[in-house]
Amino acid sequence: MKSFGYAAQSKTSPLTPFHFDRREPGPTDVVVAIDYCGICHSDIHQARDEWGGSIYPMVPGHEIVGRVTAVGSDVKKFKVGDLAGVGVTVQTCMACDNCKSGNEPYCTKGMVGTYNAKDYDGNPTYGGYADNIVAPEHYVHSISPKLNLAAVAPLLCAGITTWSPLKHWNVGPNKKVGIVGLGGLGHMGLKFAHSLGAYTVQFTTSESKTNDALKLGANEVVISKDPENMAKHTGSFDFILDCVSAPHDINAYLNLLKLDGTLCLVGLPEQPMLTSPFALITNRRSFSGSMIGGMKETQEMLDYCAAKNIVSDIELISYAQLPEAYERVLKSDVKYRFVLDGKTLTA
């Protein structure tokens, strides 16, 4: 299937126009014409091979919203013209215990990513910085027409990445929850924690983000560079969601957890994080991590967002602005997610 998009040809090259072939759709596949694709920080990490193992040429993008243009003969959920979304996952074994329990991202055979991966037949996958995508029906999500579709796109990664751990650790009323970082992930974690009824505290290094955090639902904002402000919260949190992808002192946040509290990392710093054993054994604290959620959980999140009118705060940009957008993401100079406008993709 003919496709056109933007690709990195090496870890040092800028993303440039790229014609390529996707696999031909099969009986269980859905073809989606892409209207919008969010820019995730992980797109930059992988395009620049900062995590190692990058596959070139690479078409990034796994926050995809568009319309169905074709369906296979066995497809049940979708018809031509339907709104649809594709997130981080496009193939799992569906036979292991994790897949059977709805935890496909933790597939023991290995989750196949929407881009920078090879499927089980050895074919490279290409992402959403493109005009179309083909994926099995199981990994395609229904999108409500109620919401701003461009602002829905980041829900396919930033949304489910924060929603999944908040639900797993039963965040809700009578829980004190911290969100570390007010970026693409953090602002969604803040919106969700507030909506789920938790007393939500936003941690940020930037005093300039205080008003934004309060508007987005924070009950309180803590400037994490202020030791006295941090110390006031020692041993008081049930759950902290760490959304920061830059190196930082994890122990400063572990010390804020109450008895049996959990800190969950969803940001992906390039360097290993050093944890103090004393920060963990004090109050029997847990330091955990979480990926994106399974397919059922992702659809539940999208339906919740439609019911509660929750979307990402975005800047809609053209493909010509890609280089600038990448540099601004690295400077945290975006409120709070860039989304590529498919109408600006021209061969």
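Shown in residue order for the range 311-325 are the 3J(HN,Hα) couplings computed by the Karplus curve 6.51 cos²θ - 1.76 cosθ + 1.60 at θ = phi - 60°: 9, 7, 7, 10, 10, 7, 10, 8, 5, 5, 8, 3, x, 5, 4 Hz (x for Gly and Pro).
For each pair in K11/K215; K79/K296; K77/K146; K146/K296; K11/K343; K176/K296, compute the distance between the two Cα atoms and list the pairs where it is over 30 Å. The pairs that break the limit, which is 30 Å between Cα atoms, are K11/K215.
The charge dipole of the range 213-347, taken about its Cα centre with unit charges on the Cβ of Lys, Arg, Asp and Glu (plus for the first two, minus for the last two), comes to roughly 160 debye.
For the listed peptides 297-307, 100-110, a ranking on the average number of other beta carbons within 10 Å per residue, highest first, reads 297-307, 100-110.
Against the chain, whose longest principal axis is taken from its Cα atoms, helix 158-168 shows a tilt of about 50°.
Of all DSSP beta bridges located in the range 159-289, what percent are antiparallel, nearest 5? Here the share of antiparallel DSSP bridges comes out near 0 percent. Take 128-140, 241-253, 321-333 and order them by the average number of nearby Cβ atoms within 10 Å per residue, most first; the result is 128-140, 241-253, 321-333.
Relative to the Cα centre, the charge distribution of the range 159-289, modelled as +1 at Lys and Arg Cβ and -1 at Asp and Glu Cβ, gives a dipole magnitude of about 360 debye. Between D341 and I281, the FRET efficiency from the beta-carbon distance, with R0 = 45 Å, is close to 0.35.
Taking amide hydrogens as placed 1.01 Å from N in the peptide plane, the amide H of Y336 sits under 5 Å from those of D313, I314, E315, each at least 5 positions away in sequence or on another chain. In this structure the amide hydrogen of F239, modeled in the peptide plane, comes within under 5 Å of the amide hydrogens of K176, G178, T262, none closer than 5 places in sequence on its chain. Quick check: the distance between the Cα centres of the range 201-228 and the range 115-183, to the nearest angstrom? So the two Cα centres are separated by 25 Å.
Along the axis of the charge dipole computed for the chain (Cβ charges of +1 for Lys and Arg, -1 for Asp and Glu, origin at the Cα centre), the listed residues T28, T200, V86 are led at the positive end by T200.
Rounded to the nearest 20 debye, the dipole size of the chain about its Cα centre is 560 debye, using +1 on the Cβ of Lys and Arg and -1 on the Cβ of Asp and Glu. Treating r as the C-beta distance of E270 and T205 and R0 as 25 Å, the FRET efficiency rounds to 0.90. Projecting the Cα atoms of T262, G342, M291 onto the charge dipole of the range 220-347 (Cβ charges, centred on the Cα centre) puts T262 farthest toward the positive pole. Rounded to the nearest 10 degrees, the inclination of helix 295-308 to the longest alpha-carbon principal axis of the chain is 70 degrees. Given the choices [x] 0.98; [y] 1.17; [z] 1.06, Cα Rg over 2.2 N^0.38 Å derived from the coordinates of this structure is entry [x]. Highest-first packing order for the peptide set 216-229, 172-185, 195-208 is 172-185, 195-208, 216-229, based on the mean count of other beta carbon atoms within 10 Å. Apply 1/(1 + (r/R0)^6) to the Cβ-Cβ distance of N251 and S318, taking R0 = 56 Å, and write down the FRET efficiency to the nearest 0.05. Once rounded, the FRET efficiency stands at 0.85. Cβ crowding within 10 Å ranks M230, M94 as M94, M230, fewest other Cβ atoms first.
Read-outs throughout are calculated quantities, based only on the coordinates presented, and are distinct from any laboratory measurement. Note that the coordinates shown come from a computational prediction; the quantities given were computed from them, not determined experimentally. Backbone-built Cβ (ideal geometry, glycine too); neighbour counts: all protein chains shown.
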